[in-house]
Amino acid sequence: MTDPSLRTMGQQFGRRSWAEPWKIKMVEPIHMIDRGERARALEEAGYNTFLLRSEDVYIDLLTDSGTSAMSDRQWAGMMMGDEAYAGSRNFFNLENAVQTFYGYRHVVPTHQGRGAEHLLSQTAIKPGQYVPSNMYFTTTRLHQELAGGIFVDVIIDEAHDTLNLHPFKGDVDLDKLRALIKQVGSENIAYVSLAGTVNMAGGQPVSMANVRALREVCDSHDIRIYLDATRMVENAFFIQDREPGWADESIAAILKEFCSYTDGAWMSAKKDSMVNIGGWLAVDDYDLFDALRNKVVIYEGLHTYGGMAGRDMEALAIGIAESVQYEHVHSRVSQVHYLGDLLLSWEIPIVQPVGGHAVFVDARRFYPHIPQDQFPAQTLAAQLYLDSGIRSMERGIVSAGRDPETGDHRYPALESTRLAVPRRVYTQAHMDVVSEAVKVVYDSREQTHGLRMVYEPKQLRFFQARFEPIGIHS
Ligand code: P61
């Protein structure tokens, strides 16, 4: 029996309650279609949650990308769009926000993160060069490979172990990096590609101590560091919360100091900055900037809009300032942790510690009887949708794709199903509903069979691949 005096969320978890630092001004109704309709929708979608229609989804935890709620100030900014082809006022506001909060000198706007990845990869990688990184991200690695780069994972081993409680599982293993430099020579390393937080590891942060030490290693070999700053605000929150010496510094100060150890950054603004579309690339080196600015006009748009409307840039500039407010990032990360703590309380296997943007359910331990090449994480995403209309995303063998050399599946150590929480969109009640649904699916895990892939696109296959349940049509 639980103690009846423990009534509120905070009391139940042994702390004071927190609340979202906003009130709701406009709502979008959602509803759940019935189980028969969900079964049909899932079959039509080839058991791939990317192929479901949003209208058939009840609670959408597919991604936190472009799905957050904008504030009234951001919406007001949308009305201030200066839609001139060249020299839009909103671009200068965006440039100023990036310079102020991230600290880089030169800013190139892009339509979203992968647009920036494309420009940076094509500009800073020579074919045959190595790109060490703290774990891979799907689009990042693909752009690096398309530019002729060879990706090398140099994240610490702890990141591959879902039960290891290391507070900074995103850290770079400097010995792995030094060994690579020794083996191939620093001239054959394009740059270090550093992500904070690390999405595929479960939203795990990088410590300030690690980025400082990384800077020293790179300085002594004349290697540049470019940062994937997509969820760097959440990383700054973890530094403030977990790393000794940072508790009294603001999120903004931590963010800027972290960025100061890197030579530039790219951004999918659809995450931390709470806009529906947008991105940027920013560097300190003028010559590199000049090369990037020459390229942006080929692929994205003029260097003062980069594929965004003026109104999008205004909403983004405002979103950057809002994203570093402590009350915001604290309640955002705490909501994710609330969901994680509920799952842990029922001993449902998840990646620990819980990261910044999502709870990653460990599908290997969830379905130990389903071999990895029968797609346990994809299976779990399908089952969760079937049970309750909740949409999640596979982050395992399907996402990892095939080795370009051998053509075989890559078998990643982490086989997980991601429950990503959009910012300022769902309430604690939604998290309760989600957690109960995961529990129901967990309780029936032994009766669940895996999937077979029946259609496989060549690149980024997870977006459009189709599956069939094993046991049917066989
Ligand atoms: C996501 F299934 N993330 O997490 P763009 N870097 C990082 C990202 O998380 C990221 C991008 C660069 C998405 C959307 C997405 O395999 C997938 O603005 C750390 O999406 O182009 C995007 O930024 C790329 C989902 C992307 C995926 C790729 O849900």
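The values are calculated or read from the model by the stated rules, or taken from the named source; none is laboratory data. This one's a predicted model, so the numbers in the text were calculated from it and none came from an experiment. When we count neighbours, we look across all protein chains shown, and the Cβ atoms used for this are built from the backbone with ideal geometry, even at glycine. To get the accessible areas, we keep the full protein, side chains included, count just its heavy atoms, and leave off ligands, DNA and RNA. Shrake-Rupley method; radii C 1.70, N 1.55, O 1.52, S 1.80 Å.
So for the stretch 197-351, what percent of the C-alpha to C-alpha distances run longer than 22 Å? Before the final figure, lay out each step's value.
Values: 5936 of 11935 pairs.
Percent of Cα pairs beyond 22 Å in the stretch 197-351: 50.
Computed FRET efficiency, Cβ-Cβ of residue 408 and residue 188, R0 22 Å: what is it to the nearest 0.05? Please list the in-between numbers first.
On the way: r = 26 Å, r/R0 = 1.16.
FRET efficiency, residue 408 to residue 188: 0.30.
Using the Cβ atoms and a cut-off under 10 Å, what net charge is assigned to the surroundings of residue 357, where Lys and Arg are +1 and Asp and Glu are -1?
On the way: positive: 231, 271, 332, 418, 423; negative: 64, 234, 272.
Charge balance near residue 357 sits at +2.
Per DSSP helix of 4 or more residues, -39500 (n - 2.57); summed, then divided by the residues of the chain. What does that give at 222 nm, rounded to the nearest 500? Mind dumping the intermediate values first?
Values: 17 runs with 186 residues, N = 474.
Mean residue ellipticity, 222 nm, calculated: -12000 deg cm²/dmol.
Using 7 Å Cα-to-Cβ label points, what is the residue 30/residue 287 separation (nm, one decimal)?
It is 5.0 nm.
Taking each pair of distinct Cα atoms in the stretch 126-213 once, what is the resulting Kirkwood hydrodynamic radius in Å?
13.2 Å
Hey, got the dipole for the stretch 357-469? About the Cα centre, +1 on K and R Cβ, -1 on D and E Cβ, debye to the nearest 20?
Working: 15 positive and 14 negative charges, 79 e Å.
With Lys and Arg at +1 and Asp and Glu at -1, about 380 debye.
By average Cβ neighbour count within 10 Å, what is the ranking of 358-370, 375-387 from highest down? Write down the numbers at each step before the final one.
Details: 358-370: 23.2, 375-387: 25.9.
My ranking of the peptides, most packed first, is 375-387, 358-370.
Leaving ligands, DNA and RNA out of it, report the carbon-plus-sulfur percent of the accessible area of the stretch 62-194 at a 1.4 Å probe. Could the numbers behind the result be given before it?
Numbers: 2960 of 5460 Å².
Solvent-exposed carbon and sulfur of the stretch 62-194 make up 54 percent of the total.
What is the extension gain from residue 153 to residue 83, computed as 0.36 nm multiplied by their sequence separation minus the C-alpha to C-alpha distance, in nm to one decimal? Walk me through the numbers before you get to the answer.
Details: separation 70, 0.36 × 70 = 25.20 nm, distance 4.19 nm.
Contour length minus Cα-Cα distance gives 21.0 nm.
Please give the contour-minus-distance gain from residue 22 to residue 369: 0.36 nm per residue of separation, less the Cα-Cα distance, rounded to one decimal in nm.
Working: separation 347, 0.36 × 347 = 124.92 nm, distance 4.41 nm.
Length difference between fully extended and current span is 120.5 nm.
Which whole-Hz ³J(HN,Hα) couplings does the stretch 113-126 yield from phi under the Karplus relation 6.51 cos²θ - 1.76 cosθ + 1.60, θ = phi - 60°, glycine and proline marked x?
x, 5, x, 5, 4, 4, 4, 5, 4, 5, 8, 9, 10, 9
In debye, nearest 20: dipole of the stretch 242-287 around its Cα centre with unit charges on the Cβ of K, R (+) and D, E (-)? Don't skip to the answer; put the middle values down first.
Values: 4 positive and 9 negative charges, 77 e Å.
So the magnitude is around 360 debye.
Quick check: Cα centre of the stretch 400-445 to Cα centre of the stretch 262-292, how many Å?
The stretch 400-445 and the stretch 262-292 have Cα centres separated by 28 Å.
Please compute the Kirkwood hydrodynamic radius of the chain from all pairs of different C-alpha atoms, in Å with one decimal.
Details: mean 1/r = 0.0437 Å⁻¹.
It works out to 22.9 Å.
Given the chain, what count of lysine pairs have C-alpha atoms under 25 Å apart, with each pair 8 or more places apart or on different chains?
Lysine pairs meeting the criterion: 16.
What number comes out for accessible area per residue over the chain if the probe is 1.4 Å? Units Å², please. Before the final figure, lay out each step's value.
Working: 19930 Å² over 474 residues.
It amounts to 42 Å² per residue over the chain.
Between residue 294 and residue 6, what is the label-point separation in nm under the 7 Å Cα-to-beta-carbon projection?
If labels sit at residue 6 and residue 294, their model points lie 6.4 nm apart.
Measure off 7 Å from each Cα along the Cα-to-Cβ vector at residue 175 and residue 249, then give the distance between these two points in nanometres to one decimal.
Inter-label distance under the simple model: 2.7 nm.
Can you compute the charge dipole magnitude of the chain about its Cα centre, using +1 on each Lys and Arg Cβ and -1 on each Asp and Glu Cβ, nothing else charged? Give it in debye, rounded to the nearest 20. If you can, show how the numbers build up before the last one.
Working: 46 positive and 62 negative charges, 86 e Å.
Roughly 420 debye, rounded to the nearest 20.
Quick one: compute a quarter of the convex hull surface over the Cα atoms of the stretch 206-270 and quote it in nm². Present the calculation step by step, with values, prior to reporting the outcome.
Numbers: hull surface 16.9 nm².
In nm², the orientation-averaged hull projection of the stretch 206-270 is 4.2.
In the chain, what % of DSSP beta bridges are antiparallel (nearest 5)?
Numbers: 26 of 41 bridges.
Bridges in the chain are about 65 percent antiparallel.
Kirkwood hydrodynamic radius for the stretch 263-306: how many Å is it when counted over pairs of different Cα atoms? Write out the running numbers ahead of the final one.
On the way: mean 1/r = 0.0892 Å⁻¹.
This gives a value of 11.2 Å.
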